[in-house]
Structures are given as C-alpha cells and as structure tokens.
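Before any comments, here is the structure.
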Amino acid sequence: MTKDKISLILASFYDDIANATPKTLESVRTQYLGRKSELNTVLKSLGSLSIAEKKAIGATANRAKIEMEKAIATRGKELNKVVDEQSIDITAPGKKYPSGHIHPITQVLEEVVDVFVSMGYEVADGPEIEDDWHNFEALNMGPEHAARDMQDTFYLTSGAIPRTQTSSVQIRYMENHKPPIKIISAGKVHRNENEDASHSWIFYQIEGLVVGEGVTFADLKGTLDLVAKKILGPGTKTRFRPSYFPYTEPSAELDASCPQCEGKGCRSCGGSGWLELLGSGMVHPQVLRNMGIDPEKYSGFAFGLGVERIAMIKYNISDIRYFWHPDTRFLEQF
C-alpha cells in the first residue's frame, strides 16, 4: 500500500509541477518535499515495517524524491527562460526608429504666430464649420453681396459651411469681448477653387484684429511693416496698394520686396521686385455696429495672410500643391 501511495504522490506532483508558475513553484516544492510533505510522512512511518519492506519502500521513496527534485529544477529553468524572453532589459540599448519633422506649413504657421505673440497678440480659436452669419453676414456680406463670389465654398445639407476665412473667429471673439481687442486667429479654411499652382481648395490662414480707441491706418502700416521684416528678413521693404474688401474701409494689399532678388527683379517676382503678401484695412464701421461696438468711439484694423503664400515666398516654391503631395523628397528639405 505504501508503494501505491508513493505512486499517487508522484502522479499528483507531476500534475502540479506542469501547471506551476514562477510564483507557485516554491509552494509546490514545499508541498511535496518539505518537512510536512506526504513523502516525508511515508519515510517517517518506515520504522514499523520489516527490514525487507524498509529497503524496498525506502528505495522507492528516495527515487521519487530524486525525481521530484530534478523535475522542480527543470521546471524552474523553463520558467526562468520564459521570464527572460518576456522581460525588458532596461540597460540594453533601445531600438532606434527614424523620426520625422514638422511639416513646412506648420513650421511657417508657428513662426508667424510667434511673431504676433511677441507683439502682445492673443491667439483666438473657433470652429471650422460655421454658419452664414459668422462667416458672411456679420462681415458685411449679405446674401446677395457680390463679394461672396470670391469666397465660394462648399455647403452642407444643414446649411452650415466650412469657413472660408478665419475672420469668423474674430466675429465670435467680438461677440464675447469688449475693446480693447488685439487678437490673431489661425487655422484651415475652405473654398471652392480649381486647383492650380497658386490655388487650393483648402489652405491655412492667419488673420489679425485690433480694435480700440484712436487706432489708425498708421498703426496698421507700422505693424505689418514690422511683421514683414520679422518673417522675410530685416532688409524687407513694403508698399501698400489700394484694394477692396467688404469688411474693411479703406482696404489695402501689402506687397513685400522679393527676398530672392532683394527687390532687383527676378523670375520669382516676375521682374517687378515685389511680391503680394497679404490683404488688410481698417475695420468697416458696419462690422463694428454688428458686434455692438460704437464706431464713433472705437476704430480698428484687420489683416489676413495665407500661410502657404508666405511659405512659397520664403522658400521660393513655385507650386502650392507641392506642400500637400506625399512626396518625401520635397518635404524632407525643410
């Protein structure tokens, strides 16, 4: 019976050792080989047996003990190997992955925003999907206004539209803030354009707005002249040309001297020495009235520039579509 008991102990041991984990292996060893184990109890009971039985059962028990010790050692090595394979050696050199870099448009956008922030402007944000009031009507462009043709856009079934300009952010800001106001708004805008070298149906725009008492066109000129020099270089010259925007009066386009030829005339500037940079003007009194701001007390100026346009001038890029084609040969130059 004692030999049968040893056989049962071994059978139970092999079941438990097969399912042992790094945490339970020691408890299995204690259970089957410890001082209070069943096998040790069998060995203690040999004193009541005959000499022949003692020899036979003692030998069987010792073989079982040796088997279990070897099995525990083997299982321990197996478990240690699994742990080693699954663990992370924090002292080993890490894997190096190729890193990318910021897209050239994002680089220019952040650079321009930093210029305005350094001049005390607050960065305002707003939704890309707008309603007609904030995108057009509040900016002095009623439903039949001809200027809407210049900003033809996509219309959703709900009547909402992807914004055509970040001026809508300025409107939302003026709805909730009183002068003095000094903000820029930056982000994506959408227009129904036929793509070519200088036009895209989606592009990034930065617009600025200053409203306060005694704000004049001279403040606008001084601000934009400084911005042009900070973006394109300290030797940059500027000039203003009369223009038209429904939300500013008077309005002006700002040209900057070509950074490629320093105003001497080259292929990039068509030989004129000048490149169109942005549109600007004094905020139209009706826009201020729409926001509940008294145009008799307050005045302001606004401006807007295309980030892609600045990047094309800055880096002498001839086609706006290069920025959005997935061609790493082009993008990795920046």
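Annotation note: trypsin sites (Lys or Arg not before Pro) in the stretch 289-334 located in DSSP loop regions with a Cβ neighbour count of at most 14 within 10 Å are 297.
Could you tell me which GluC sites (Glu not before Pro) in the stretch 1-72 are loop residues by DSSP with no more than 11 other beta carbons within 10 angstrom of their beta carbon? When the GluC sites (Glu not before Pro) of the stretch 1-72 are filtered for loop state and at most 11 Cβ neighbours within 10 Å, nothing remains.
With a Förster radius of 45 Å applied to the beta-carbon distance between residue 30 and residue 52, the computed FRET efficiency rounds to 0.90. Once the Cα-Cα distance is subtracted from the 0.36 nm per residue extended length, the residue 324 to residue 38 segment shows a gain of 95.4 nm. Think of the chain as having a plus end and a minus end, set by charges on the Cβ of Lys, Arg, Asp and Glu; of 174, 189, 330, 330 sits farthest toward the positive end of this dipole.
Given R₀ = 41 Å, FRET efficiency for residue 239-residue 160 by Cβ-Cβ distance, to 0.05? Given R0 = 41 Å and the Cβ-Cβ separation, E is 0.60. Span-like helix check, the chain: qualifying full DSSP H segments, with Cα axial length of 18 Å or more and mean Kyte-Doolittle of -1.0 or more, are 2-18, 51-86, 104-118, 217-232.
State whether the stretch 213-256 is rounded, prolate or oblate according to the following rule on the C-alpha gyration tensor (a ≥ b ≥ c being the square roots of its eigenvalues): a/c under 1.5 gives rounded; otherwise a/b larger than b/c gives prolate, and the remaining case gives oblate. Provide the component values of the computation, followed by the final result.
Values: a/c = 2.83, a/b = 1.54, b/c = 1.85.
Because a/c hits 1.5 or more and a/b fails to exceed b/c, the stretch 213-256 counts as oblate.
So which GluC sites (Glu not before Pro) in the stretch 215-311 are both in a DSSP loop and have at most 15 other Cβ atoms within 10 Å of their Cβ? List each step's numbers first, then the result.
On the way: sites: 253, 262, 276, 296, 308; in loops: 262, 296.
Qualifying residues, ordered by number: 262, 296.
So which lysines pass the test for residue 178, namely a Cα distance under 18 Å, with those fewer than 8 places away in the same chain ruled out? Partners within reach: 297. Extension gain for the segment residue 99 to residue 213, taken as residue separation times 0.36 nm less the Cα-Cα distance, is 36.1 nm to one decimal.
On the basis of the beta-carbon distance and an R0 of 30 Å, residue 175 and residue 128 show a calculated FRET efficiency of 0.95.
Taken about its Cα centre, the chain carries a charge dipole of about 2660 debye when Lys and Arg each add +1 at the Cβ and Asp and Glu each add -1 at the Cβ. Segment residue 14..residue 80, full-extension length gain: 21.9 nm, with 0.36 nm per residue of separation and the alpha-carbon distance subtracted. Could you let me know the centre-to-centre spacing of the stretch 92-108 and the stretch 1-38, using Cα atoms, in angstrom? For the stretch 92-108 versus the stretch 1-38, the Cα centre distance is 56 Å. Computed over the chain, the per-residue total of -39500 (n - 2.57) for DSSP H runs of n ≥ 4 gives a 222 nm mean residue ellipticity of -12500 deg cm²/dmol, rounded to 500.
Remark on the chain: Rg and Dmax equal 39.8, 123 Å (Cα only). Between residue 152 and residue 315, the modelled label-to-label distance comes to 3.0 nm, taking each label 7 Å out from Cα in the direction of the beta carbon.
Here, each number is a calculation from the coordinates, and none is a lab measurement. Everything numeric here is computed off the predicted structure, so don't read it as measured data. Here Cβ is always computed from backbone atoms with ideal geometry, including for glycine, and neighbour counts include all displayed protein chains.
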